[in-house]
Amino acid sequence: MHSSEQRPYDVLVIGGGIIGLVTAWRAAQRGLRTALADPEPGGGAAQVAAGMLAAVTELHYGEQTLLGLNLASARRYPQFVAELEEASGLDTGYRACGTLAVALDADDRAHLRELHALQRQSGLTSEWLSGRDCRRLEPMLAPGVRGGLRVDGDHQIDPRRLAAALLAACERGGVALYRTTAERLSVVRERAAGALLADGTEVVADQVVLAAGSLSGRLAGVPPEVLVPVRPVKGQVLRLTVPRAYAPFLNRTVRAVVRGSHVYLVPRENGELVVGATTEELGWDTTVTAGGVYELLRDAHELVPGITELPLTETRAGLRPASPDNAPLLGPTALPGLLLATGHYRNGVLLTPVTGDAMATVLTTGELPQEARPFTPRRFPAVPPPPAPSVRQEQLV
Ligand code: GLY
C-alpha cells in the first residue's frame with residue numbers, strides 16, 4: 001500500500017552521496033523545500049574515495065572544458081569548506097598540502113614531461129624537479145625516482161568527513177531525509193513529479209534531481225528517451241596507518257603512473273595513508289581482489305619503499321560513475337522536472353562545490369550558470385540500460 005506525503009516538496013534529490021547531499025544542502029539554503037532519498041545517506045563513494053583535489057595533476061588531453069569546471073571548483077574549496085564546517089559544526093579534513101607527481105623510469109618521465117607541457121599550455125602552475133629535489137621534499141621516496149612535477153595547488157579533503165559534514169548541514173538546514181531507496185520515478189502528465197520509495201511512501205516534488213552515481217541509469221520509471229548514460233568504473237583503494245613515530249611519513253600527496261597504472265598516496269593529518277586506485281570496467285562488481293591489492297602495494301612500494309612497515313588497516317572497492325566523455329551530467333533532461341547531477345567519474349570530490357552551486361542555480365532559475373552549460377545531459381542521445389547489478393555497491397568519486 002502506498003502512503004502519500006500531503007505537502008509537495010520543491011525538490012526531491014534521489015541519492016545521498018556527496019553530490020546528492022551538496023545539491024540538497026544548497027537547494028535548501030536557497031529556500032526550496034527539499035527532500036532526499038537514500039537508504040544510507042553519506043555512505044557510498046565518500047567511504048572509499050581518497051579525496052584528491054587534482055585539477056592540475058589529473059589533466060588529460062581533450063578535457064580542456066572539464067579543466068575549467070575543475071579549476072572553478074578547486075578555487076571555491078577553501079570558502080566552501082569554511083561555510084560547510086560552520087553550517088555542520090564538523091571538520092572536513094581539508095588539507096592544502098599540494099601534490100608531487102613523480103617518475104620512476106624513462107617512460108614515466110616522458111609521460112610526466114608531456115603532462116607538464118600540457119599544463120603549461122593550459123596556463124597551469126607546476127614545476128619540474130630533479131629526482132634529488134623530489135627526495136629533498138619527500139625523503140621517503142625511492143632512490144630511483146627520476147624526476148617529478150611539483151603541483152602546489154592540488155590539495156585534498158577527507159571524503160568521509162566531507163560526507164558527514166554535508167549530511168549534518170542538510171539535517172540542520174531542514175532537508176527531509178527519507179532513509180530508503182527510491183524505487184520508481186513518478187511521471188504525471190509527461191513531467192517528473194516525485195518518486196515512489198521502497199517503504200511505500202510516495203514523495204511528491206516539483207523537481208527531481210537524480211544523483212545516484214553509477215546507479216542513476218537504473219531508476220525505474222525514467223522514460224527511454226531520457227535514459228542516463230552512466231557506467232560504473234571500479235576502483236580498489238587501501239588504507240594504511242602511519243604510526244606517530246614515523247610521522248611525517250609524507251608531507252603531500254605523492255603519485256605516479258607506474259607501467260601505465262595510476263597510483264597515489266594521500267597522507268592525512270590524522271595518520272591515515274590512502275593508497276589508490278585501480279581502474280576496472282567490470283560492471284557493478286565491488287570485490288576487493290588479491291590482484292588489485294597486490295598491484296597497488298607493488299606500485300606504491302616502488303615509489304615509497306617504507307610503506308611495507310605500515311599497518312594495512314582497510315581494503316575497499318567503489319564505483320566511479322562515468323559518462324561517455326568522462327565529464328559530469330548536470331542540469332535538466334528532456335523530461336520536464338527531471339534533472340541530473342551524476343557522471344562525475346574521477347572528479348566527484350573535486351567537483352562537489354561547483355556542482356552544489358550549479359544545481360542550486362538551475363533549480364531556482366531554470367538556467368545553468370555559464371560554467372556548467374557544457375555539461376548538460378542533453379549532449380548525449382539516450383542509451384539502453386546495462387544489466388542489473390547483483391552485488392552491493394559503493395560509488396567512488
Ligand atoms: N580521482 C582519483 C580516482 O578516481 O581514482
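The values are calculated or read from the model by the stated rules, or taken from the named source; none is laboratory data. Worth saying up front: this structure is predicted, and the values here are computed from it rather than measured. When we count neighbours, we look across all protein chains shown, and the Cβ atoms used for this are built from the backbone with ideal geometry, even at glycine.
Assorted remarks:
- Residue count, the range 60-93 (criterion: part of a loop (DSSP other than H, G, I, E, B) and surrounded by fewer than 23 Cβ atoms within 10 Å (Cβ to Cβ)): 8
- Matching residues in the range 143-162 - criterion: being over 17 Å from VAL275 (Cα atoms) and touching a strand residue (DSSP E or B) at 6+ places or on another chain (Cβ under 6 Å): VAL145, ARG146, GLY147, GLY148, LEU149, ARG150, VAL151
- Count of residues meeting criterion [surrounded by 21 or more Cβ atoms within 10 Å (Cβ to Cβ), touching an Asp or Glu at 6+ places or on another chain (Cβ under 8 Å) and assigned to a strand (DSSP E or B)] in the range 259-279: 1
- Residues of the range 246-293 classified as polar (S, T, N, Q), away from the ligand (no atom under 16 Å from the Cβ) and within 17 Å of CYS134 (Cβ to Cβ), total: 1
- Matching option when the condition is away from the ligand (no atom under 14 Å from the Cβ), of a type outside the set (Phe, Trp, Tyr) and on the phi > 0 side of the Ramachandran plot, among GLY337, GLY306, GLY356: GLY337
- Any hit, the range 85-104, residues being away from the ligand (no atom under 16 Å from the Cβ), at pLDDT below 95 and closer than 25 Å to ARG373 by Cα: no
- Evaluation of ARG120 against (1) crowded, with 17+ Cβ neighbours inside 10 Å; (2) in a helix (DSSP H, G or I); (3) of a type in the set (Lys, Arg) (one fails), failing number: (1)
- Filter result for GLY148 (in contact with a helix residue (DSSP H, G or I) (Cβ under 9 Å, 6 or more places away or on another chain), surrounded by 17 or more Cβ atoms within 10 Å (Cβ to Cβ) and at pLDDT 95 or above): yes
- Taking the range 187-253 as the region of interest, the strands (runs of 3 or more DSSP E) fully inside it that hold 3 or more residues being more than 20 Å from LEU339 (Cβ to Cβ) are 231-241.
- Residue in the range 305-318 that is touching a Lys or Arg at 6+ places or on another chain (Cβ under 9 Å), β-branched (Val, Ile, Thr), under 25 Å from MET140 (Cα atoms) and surrounded by fewer than 22 Cβ atoms within 10 Å (Cβ to Cβ) present: yes
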